[in-house]
Structures are given as C-alpha cells and as structure tokens.
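A.B. asks: For reference, the structure I am asking about is given below.
Read-outs throughout are calculated quantities, based only on the coordinates presented, and are distinct from any laboratory measurement. All figures in this text were calculated on a predicted structure; none of them were measured in a lab. Because the Cβ atoms are built from the backbone with ideal geometry, glycine has one as well, and the counts that use them run over all protein chains shown.
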Amino acid sequence: MESALLIHRLHFAFTVTFHYLFPQLTMGLAPLIVALKTLALTRKDDRYNQAARFWAKIFGINFVLGVVTGIPMEFQFGTNWSHFSQYAGGVIGQTLAMEGMFAFFLESAFLGLFLYGEKRLSQWGHWGAAVMVFLGAWLSGYFIIATDAWMQHPVGYALGAHGLQLQSFWALVLNPWALWQYAHNMSGAVITGALVMAAVGAFYLLSNQHLEHGRIFVKTGVIAGLICSCLQLFPTGDAQGRMVARHQPVTLAAMEALYTTQQGAALQVIGQPDVENRTIDNPISVPKMLSFLTYKHWNAEVKGLNAFPPQDWPQNIPLLYYSYHIMVGLGTIFIAVLVISAFLLWRGALYRTKPVLWVLLLLFPLPYVANTAGWMTAEIGRQPWLIYGLLRTSEGYSRNVSAGNGMFTLLGFLGMYTLLAILFLFLIRREIEQGPEPEQF
Amino acid sequence: MATLWFLIVALMVVAYVVLDGFDLGAGVCHFCVAHSEEERRQVLRAIGPVWDGNEVWLLAAGGTLYFAFPLLYASSFSGFYLPLMMVLWMLMGRGLAVELRSHLDAPVWRAFFDGIFVLASSLLTIFFGAALANVIRGVPLDQSGYFFEPLWTHWRIGAHPGILDWYTVIAGVLAFAALAQHGALYLLTKTQRELNQRARHVAKTLWPVVLLLTLVSLPATIHVQPSVLGNFRAYPVWYFIPVLVFGSLIALFYYLGRAEHDVVRAATHEKCAFVCSCVYLAGMLGGAAVGAYPNVLPARDPQYSLTIYNTATGAHGLQVGLVWWSIGIVLAIGYFVFVYRMFRGKVAVD
C-alpha cells in the first residue's frame with residue numbers, strides 16, 4: 001500500500017514539475033510581448049515588432065509543450081488521485097471546468113491568429129490577438145491557483161452524501177489565499193519571462209550580433225524583472241508568508257526548522273537542519289527577524305514544531321526548509337543583480353558592462369529553480385494533508401491502481417519527457433541562433 | 001438537475017467527437033490522401049488553425065464531468081488507468097507532430113512527425129471506440145464504486161472483462177473506419193485537385209465498411225448489454241435515432257456520388273456529405289446516451305451501476321455551474337464561429 005502511495009506522489013510531482021517549466025515562461029512572456037507590440041505601435045518602430053515576433057516564436061514552442069504536458073495533469077486527478085477527486089470534485093471540479101470553458105477555448109482560438117494571422121489582421125487587430133492570448137494564459141493561471149489555494153485553505157464547502165459539496169461559489173473563487181498566491185505566482189512567472197529575455201539579449205550583445213534587438217531585450221527584461229522581483233518580496237511574498245503563519249503555523253515552523261516555540265525567533269539565512277537532533281548545523285541567522293517579519297513585532301512568539309503533534313508535521317522537513325530557503329535566497333539575488341543592472345541602464349552603461357551582461361546571461365536557469373522551489377514549498381509544506389485539515393495525502397490516491405501499474409506509466413512519462421526536453425532545447429537553440437532579424441531572401 | 005448535466009456532458013462529448021473526429025480522421029488518412037510534401041502541408045494547413053480548439057472540447061467535457069459527477073470521474077478514470085495514460089501519450093505525440101513538423105525543413109524530420117501523426121491519430125480513434133464500448137458493456141464495479149480493468153483478459157465478456165474483448169474491438173475498428181471517413185470528408189471540403197480526388201476515393205472505399213460494422217454493432221450491443229433497449233421500448237420516439245443513423249449514412253453516399261458527377265456544385269455536395277457524417281456520429285453517440293440513461297457507468301453486476309443519481313454533486317454546485325457554463329458555452333461557440341469563418345474555404349495551394 002505504502003509503495004503505491006509513493007508512486008502516485010512521484011507521478012504527480014514529476015509530471016507537474018516538468019509541466020510548470022513551460023507555463024511559467026508563457027505566462028511571463030505574454031505581458032512582455034503585449035508591451036513590445038504596444039511599443040511598436042505607439043513609437044511606430046518596426047524593431048519592436050520584430051522583437052515581438054521573435055518572442056512569439058519562443059512563446060509558441062513553449063505553449064505547445066505546456067499544452068501537451070498539461071493535459072496529463074487534469075487526467076491524473078481522476079487516474080491517480082481518484083479518492084481525492086471523489087471527495088473534493090464537487091468543489092474544485094468547478095474551478096477546473098471553468099479553466100476549460102473560459103481560458104482554454106479563448107487561448108486556442110486566439111493563439112493561432114496571433115502566431116500565424118499577422119498578415120490577415122490589421123496591426124491593432126494583431127495587438128488585440130496578443131492581448132487575448134495574454135488574458136487566456138493569465139485566466140488559466142487563476143483557475144489553477146484557485147484550485148490549489150482551496151487545497152491549502154479550504155473554504156465555501158459543506159460535507160454532503162458522497163463527499164464535499166460547494167456551498168459558496170464566491171468564497172471559492174475569491175479565496176483570500178488564492179488572491180495572494182496568484183499575485184505571488186504571476187509575478188514569479190514574469191521574472192522567468194523577463195530574465196530569459198534579458199539573458200537572450202545579453203547573449204546577443206556578448207556575441208556581438210543582433211545588437212539593436214539585444215538592447216531591446218536586455219532593457220525590457222531588466223525593467224520588468226526589477227519591478228516583479230520587488231513585488232515578489234513585498235507585498236506578495238510578505239502577505240503569503242503571513243497567510244501561512246496564520247493558517248498553517250506548523251508549516252511555517254518546518255520551513256524555518258524552528259523546533260521550539262520562542263519569543264523573538266531568529267530568521268535562518270543558511271544552515272542544514274538536523275531533524276533527529278533538533279538542531280541546525282552551520283547556522284547563519286538574523287536574531288528576532290522571524291518574529292518581526294511574521295508578526296511585525298520583534299519579540300512576538302512564533303510557534304515551533306513542538307507545539308504540534310508530530311503526525312501533523314510535514315514529513316520531509318529538510319526538503320521543505322531547503323525549498324523555501326532556495327526560493328528566498330534566489331529572490332534576493334535577483335533583486336541585487338537587477339538593481340545594479342537597472343542603475344547601469346539608467347546611466348547608459350549597461351550594454352558595455354560585460355561582467356554584468358555575463359551575470360544576466362548565466363542567471364536564466366535560476367528563476368526556473370526559484371519558481372519550482374516556491375511550488376515545492378507550498379506543496380511539501382501542505383503535507384501530510386492533501387486538503388489542509390480535511391483529507392490526508394495517504395487517503396487520496398487511487399487504491400484500485402496498483403504500484404506496478406503506476407510505475408509503468410511513471411517510467412513512460414520519464415522517457416517521454418526526456419525526449420520532449422531534448423526536442424525543446426534543440427528547437428529553442430535554433431530560434432535563438434536564427435535571431436530576431438527578418439529572414440533574408 | 002442531474003439529467004440536465006447528463007445532457008450537457010453528452011452534448012460536449014458529441015461536440016468533441018464531431019470536431020476533433022475530423023482532425024483525427026485526417027491524421028488516419030494522411031498517408032493515403034497526401035503523397036507529396038506539398039500535399040501533406042495542405043492537409044496540416046486544413047486542420048492547423050482548428051485542431052487545438054477541437055481538442056479543448058475533450059478537456060472541457062472532462063472538467064464538466066469532474067465537477068458535475070465527481071464519483072464517476074474518479075471511478076472511470078482510475079478504472080481505465082492504462083488506456084487513458086496511453087491516450088495521453090498519443091495526444092501528446094500528435095500535438096507535437098502537428099505543431100513541430102513545420103519547424104525544420106528536413107525530409108527526415110518531417111517524415112518522422114508524419115509517422116507519429118498517423119500512428120497516434122489511428123490509435124486514438126481505436127481507443128476512443130473501445131472506451132465507449134466499455135462504457136456500454138459495463139465494467140466490474142463493486143460496492144466501493146471502483147474497479148480496475150487490465151488491457152485484456154480472455155477477450156470474452158464475463159465477470160472480469162478487459163478493456164479489449166471481441167465487442168470492444170469491433171467498436172474500436174468501427175470508430176477507426178467512421179472517423180477516417182469523417183476526416184476524409186473534411187479534407188474533401190477543404191482541398192482541391194488530386195488531394196480532393198483521393199480524399200473522395202478514401203471516403204467511398206470506407207463507406208461499405210462503416211455501414212457493415214454499424215449493422216454488426218447494433219445486434220452485438222443488444223447482445224452484450226440488453227438493458228440498452230429499455231428506454232427505446234419505453235419511449236418509442238427514440239427510435240428516430242437509429243433511423244437517423246442509417247438515413248445519414250445513405251445520404252452521405254448519395255452526396256459523395258453527386259460531388260463526383262455534378263462538378264459545378266461539387267463544393268456544396270462535399271459539404272453536405274461532411275454534414276451527413278457529423279449527423280451519423282452524433283446519432284451513434286446519442287443512441288448510446290439514450291440507451292445508457294440514467295446509468296453513466298453500468299456495472300457487470302447491475303446493483304453496483306453508477307447512475308446520474310448516485311454520482312452527481314450537490315444541487316447548489318450544479319445550479320451555480322449552470323450559470324457560468326451558459327456564459328462559457330456562448331463565448332466558446334462565438335470563438336469557434338469566428339475562427340472557422342476566418343479560415344473558411346479551401347486551403348490555398350502554393
């Protein structure tokens with residue numbers, strides 16, 4: 001039994017982690033492409049149009065990968081997590097079905113027009129298609145976040161004959177947890193989009209080709225990235241953290257590896273948690289900072305793990321601790337790099353400051369790591385619950401699907417996604433090599 | 001209220017089969033109708049702007065099923081675990097093939113993705129036919145409301161059936177032939193010259209196969225699941241559905257012949273033939289839905305059958321759902337009309 005549970009958890013964790021590599025870029029690029037299209041139209045400058053076309057191609061490849069790796073996610077609720085679906089489908093089925101009806105139809109209709117219809121549409125018509133694609137992508141994100149937020153902080157439900165039933169639609173859709181999580185997640189996605197854009201720009205500038213477009217990419221990426229990394233810290237990250245402190249205090253204690261309840265708790269910056277001995281090795285910490293950040297009061301009491309029964313602790317405290325610290329650490333690095341870059345941009349020196357361009361180039365994998373680590377913090381932090389306080393993860397999986405059958409399809413997905421990753425890297429490399437300039441015939 | 005949602009989900013499934021059916025079918029006939037690179041590009045251009053939207057009906061129908069009948073979604077998706085996972089792999093391969101084929105101008109790259117496109121489309125039609133047949137035949141549900149079916153057991157219909165037995169294989173082949181014909185008819189309406197002729201030839205060749213398998217599938221279904229006749233006997237008005245199925249098949253043959261001989265109005269006849277195929281598919285699915293109601297997943301042991309009554313969610317959820325679903329469907333139909341108008345007419349030859 002236990003092994004089947006593990007397989008089903010790995011199955012979902014692997015497929016969703018791989019899937020989210022693509023939507024974070026498409027959701028992040030969508031507003032940037034709209035911005036480039038807007039600049040092209042208002043400044044009557046065709047270079048911005050070429051830049052938008054280049055990123056539309058990257059967007060298109062990512063979108064396809066996002067769609068094909070996204071379909072398995074909806075299926076897996078039923079195939080691998082049937083008891084959870086039976087129990088909660090009456091509530092979260094609402095948000096998932098709305099995603100299909102409102103976001104997928106919208107995206108599928110306008111993406112084709114946006115990618116291939118530039119000649120059929122007027123310039124403003126094409127701009128409109130870009131806006132619709134942006135809207136579809138961000139709407140889709142909201143419905144998924146609302147679903148996850150409900151699992152983190154269930155609201156608006158009642159217990160019925162076969163499971164939970166919806167009691168308040170607006171409570172589900174306007175769940176306060178969803179609003180902050182959405183803001184935090186989308187700003188994280190824009191950081192990925194912006195830093196990838198800046199990295200491609202830096203690559204062009206460093207290799208001395210496509211210089212004008214490279215500058216546009218670096219400028220757009222640095223400005224959007226700086227705005228969103230600041231939003232990521234405050235107010236969205238701060239609000240999200242306080243939400244966790246209020247509704248999932250045991251998760252907060254595990255994220256910080258705080259074993260005992262204390263007043264004036266310190267914030268861990270670095271250190272390796274040793275759960276058996278309840279210590280942190282090699283700690284570097286800021287005294288009283290955790291109390292202040294959580295409750296805006298230097299000597300506030302923060303509950304430690306000892307305040308909660310061990311069966312309610314997240315099972316993998318070290319992984320949760322590292323996920324959270326990697327996310328926060330990378331977020332801090334982004335702010336530092338982008339402040340320096342923005343300062344140089346303002347002084348007009350960024351495009352010739354090679355060391356900073358090198359940093360921008362090498363930075364591009366890290367927003368993916370940060371976004372993934374953020375999601376791991378949310379999902380590992382929710383354990384041992386599948387729906388917080390209502391249904392344990394060990395009660396939610398498909399008991400009628402054996403570990404052997406689960407392993408078979410997990411291996412299938414591992415193989416398939418390896419191929420997809422190779423294909424993806426190959427196609428993206430080609431696009432970057434071809435560059436944003438119109439092809440010469 | 002649950003009956004209304006049964007109707008809604010059934011309509012969405014029909015929309016999915018009729019719409020995605022033609023691009024799946026185009027995939028099945030891809031090698032038969034399109035020989036040169038230029039012709040293959042035309043086939044892909046005929047479905048390119050619409051296939052993704054067509055596939056969204058599957059996701060939207062799935063999502064609607066999920067929230068309206070959570071136990072049904074949970075039970076059927078986990079019980080059909082292996083075939084559904086394979087459907088996922090096929091859908092992925094097919095999506096990649098259609099979208100990525102054009103990215104590289106190299107013969108091996110394109111031939112590879114053509115192969116994936118044909119293989120995945122063909123297997124999907126067979127899987128979908130077999131899946132529907134499993135739902136009609138009934139599955140080994142027990143009192144827990146769950147079951148698990150391996151891909152095959154002994155190919156017979158008994159207490160422990162597999163996904164594939166003689167009955168579901170017939171249905172799989174029927175779906176393969178009917179959707180291939182549907183795809184060929186769609187290509188007929190969208191293409192010109194040799195491509196158009198070959199598409200007509202494929203449709204004409206498949207027609208007797210579809211007719212024969214349809215004739216076989218009716219008594220087979222009644223033999224396998226006698227309860228399907230219940231609603232028809234109680235409300236004989238439903239007998240118009242089988243009449244419609246055969247009527248549309250005959251009309252289809254008529255319009256195919258007219259399209260060949262009446263060159264002036266060929267385009268109109270081609271469209272009529274395609275519409276007949278749509279009606280045929282809708283009739284087959286509608287007949288299955290009437291036969292099943294109010295069951296949504298019959299059990300081999302009838303006392304454990306899942307019905308709309310024991311799987312539907314609470315009344316409030318269903319009422320709220322009706323509000324947003326109505327708005328959503330109006331928007332979705334609006335987008336479809338817009339996109340199909342945008343790309344109407346035959347695809348250009350370059």
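A.B. asks: In whole Å, how far is the Cα centre of the range B:44-84 from that of the range A:108-176?
C.D. replies: The two parts, judged by their Cα centres, are 17 Å apart.
A.B. asks: Can you list the residues, at least 5 places off or on another chain, whose amide H is less than 5 Å from the amide H of A:LYS288, using H built in the peptide plane?
C.D. replies: When sequence neighbours closer than 5 places are left aside, the close amide H contacts are A:ALA266, A:LEU267.
A.B. asks: Taking H placed 1.01 Å from N in the peptide plane, check which residues at least 5 places from B:TRP152 or on another chain put their amide H under 5 Å from its amide H.
C.D. replies: Amide H neighbours of B:TRP152, under 5 Å, 5+ apart: B:ILE163, B:LEU164.
A.B. asks: Can you list the HN-Hα couplings for the range A:40-53, worked out from phi with the Karplus curve (6.51, -1.76, 1.60; θ = phi - 60°), rounded to whole Hz and with x for Gly and Pro?
C.D. replies: Once rounded to whole Hz, the list reads 4, 6, 6, 8, 6, 10, 6, 4, 5, 5, 5, 4, 5, 5.
A.B. asks: Considering Cα pairs under 8 angstrom that are at least six residues apart, work out the relative contact order of the range A:73-174 and quote it in whole percent.
C.D. replies: Relative contact order for the range A:73-174 comes out at 35 percent.
A.B. asks: Using the 2.2 N^0.38 Å rule of thumb for compact globular proteins, work out how the range B:1-47 stacks up: its C-alpha Rg over that value, please.
C.D. replies: Values: Rg = 16.1 Å, N = 47, 2.2 N^0.38 = 9.5 Å.
Scaled against compact globular proteins, the figure is 1.69.
A.B. asks: Also, I was wondering about something else. Across peptide A:9-22, what mean number of C-beta atoms from other chains lies inside 10 Å of a residue's C-beta?
C.D. replies: Numbers: counts 0, 0, 1, 0, 0, 0, 1, 0, 0, 0, 0, 0, 0, 0.
Taking the mean over all residues of the peptide, I get 0.
A.B. asks: Checking the cross-link filter: which lysines have an alpha carbon closer than 25 Å to that of A:LYS119, excluding same-chain neighbours under 8 positions apart?
C.D. replies: Once the sequence-local lysines are set aside, what remains near A:LYS119 is A:LYS37, A:LYS44, A:LYS57, B:LYS190, B:LYS346.
A.B. asks: At a Cα cut-off below 20 Å, give the lysines reachable from A:LYS354, other chains included and same-chain residues fewer than 8 away excluded.
C.D. replies: Leaving aside lysines fewer than 8 places away in the same chain, those within reach of A:LYS354 are A:LYS219.
A.B. asks: Next question. Can you return the aspartates and glutamates within cross-link range of A:LYS303? Criterion is Cα-Cα under 15 Å, with same-chain partners fewer than 8 residues away left out.
C.D. replies: A:GLU256, A:ASP312
A.B. asks: OK, next. Which of rounded, prolate, oblate describes the range A:245-291, given a ≥ b ≥ c as roots of the alpha-carbon gyration tensor eigenvalues and a/c under 1.5 marking rounded, otherwise prolate only if a/b is larger than b/c? Walk me through the numbers before you get to the answer.
C.D. replies: Values: a/c = 1.88, a/b = 1.23, b/c = 1.54.
Oblate shape, in that a/c is at least 1.5 and b/c is the bigger or equal ratio.
A.B. asks: Which of rounded, prolate, oblate describes chain A, given a ≥ b ≥ c as roots of the alpha-carbon gyration tensor eigenvalues and a/c under 1.5 marking rounded, otherwise prolate only if a/b is larger than b/c? Present the calculation step by step, with values, prior to reporting the outcome.
C.D. replies: Details: a/c = 1.89, a/b = 1.33, b/c = 1.42.
The shape class here is oblate.
A.B. asks: Find the centroid of the Cα atoms in the range A:23-78 and in the range A:385-441, then give the distance between the two in whole Å.
C.D. replies: 19
A.B. asks: Take the alpha carbon atoms of the range B:157-194, find their center, do the same for the range A:307-321, and report the distance between the two centers in whole angstrom.
C.D. replies: Answer, in whole Å: 52.
A.B. asks: Considering every residue in B:83-91, what mean count of other chain Cβ atoms within 10 Å of its Cβ is obtained?
C.D. replies: Numbers: counts 0, 6, 14, 2, 3, 14, 7, 0, 5.
What the average comes to for B:83-91 is 6.
A.B. asks: Report, largest value first, the span of the C-alpha coordinates of the protein assembly as shown along each principal axis, in whole Å.
C.D. replies: Sorted from largest, the Cα extents of the protein assembly as shown read 83, 68, 42 Å.
A.B. asks: Moving on to the next point. For chain A, modelled as a Gaussian network with Cα springs under 10 Å, which listed residue fluctuates most, A:ASN175, A:ASN306, A:ASN282?
C.D. replies: Among A:ASN175, A:ASN306, A:ASN282, the largest GNM mean-square fluctuation belongs to A:ASN282.
A.B. asks: From the phi of every residue in the range A:409-424, what ³J(HN,Hα) in whole Hz does the Karplus formula 6.51 cos²θ - 1.76 cosθ + 1.60 yield, where θ is phi - 60° and glycine or proline is x?
C.D. replies: Working through the residues one at a time gives 6, 4, 4, x, 5, 4, x, 4, 6, 4, 4, 4, 5, 5, 4, 4 Hz.
A.B. asks: At a 10 angstrom cut-off on C-beta neighbours, averaged per residue, how do the peptides A:424-436, A:77-89 rank from highest to lowest?
C.D. replies: Values: A:424-436: 15.0, A:77-89: 26.8.
My ranking of the peptides, most packed first, is A:77-89, A:424-436.
A.B. asks: Let me ask something else about it. Provide the per-residue ³J(HN,Hα) series for the range B:290-301, in order, calculated from phi with Karplus coefficients 6.51, -1.76, 1.60 and θ = phi - 60°, each as a whole number of Hz, with x at glycine and proline positions.
C.D. replies: Per residue, the Karplus-derived 3J(HN,Hα) values read 4, x, 7, 3, x, 6, 10, 8, x, 8, 4, 9 Hz.
A.B. asks: Contact order normalised by length for chain A, with contacts defined as Cα pairs under 8 Å and 6 or more residues apart; what percent is it?
C.D. replies: 21
A.B. asks: Highest GNM mean-square fluctuation, chain A, Cα pairs closer than 10 Å: which of A:GLY193, A:GLY225, A:GLY406?
C.D. replies: Top of the fluctuation ranking is A:GLY406.
A.B. asks: Nearest-5 percent of antiparallel DSSP beta bridges in the protein assembly as shown? Walk me through the numbers on the way to the answer.
C.D. replies: Values: 15 of 17 bridges.
Counting only bridges with both partners in the protein assembly as shown, antiparallel ones make up about 90 percent.
A.B. asks: Could you work out how far apart the two model spin labels at B:GLU194 and B:HIS223 are, taking each label as a point 7 Å from the Cα in the direction of the beta carbon, and quote it in nm?
C.D. replies: 4.4
A.B. asks: Students often check this: by mean Cβ neighbours within 10 Å, which of B:201-209, A:271-279 ranks highest, and how do the rest follow? Don't jump to the answer; show the numbers that get you there.
C.D. replies: Values: B:201-209: 18.4, A:271-279: 13.7.
Result, highest mean first: B:201-209, A:271-279.
A.B. asks: What average count of beta carbons from other chains do you get within 10 Å of the Cβ of residues in B:338-349?
C.D. replies: Values: counts 3, 6, 1, 0, 6, 5, 0, 0, 0, 0, 0, 0.
Average per residue, whole number: 2.
A.B. asks: Given H placed 1.01 Å from N in the peptide plane, which residues other than close sequence neighbours of B:VAL139 have an amide H under 5 Å from its amide H?
C.D. replies: Placed amide hydrogens put B:ALA299, B:ARG300 under 5 Å from B:VAL139.
A.B. asks: While we're on this one: Once a ≥ b ≥ c are taken as the square roots of the eigenvalues of the Cα gyration tensor of the range B:240-350, is the result rounded (a/c under 1.5), prolate (a/b larger than b/c) or oblate (a/b not larger than b/c)? Display every interim value, and only then the final one.
C.D. replies: Working: a/c = 3.93, a/b = 1.58, b/c = 2.49.
Oblate, since a/c reaches 1.5 and b/c is not below a/b.
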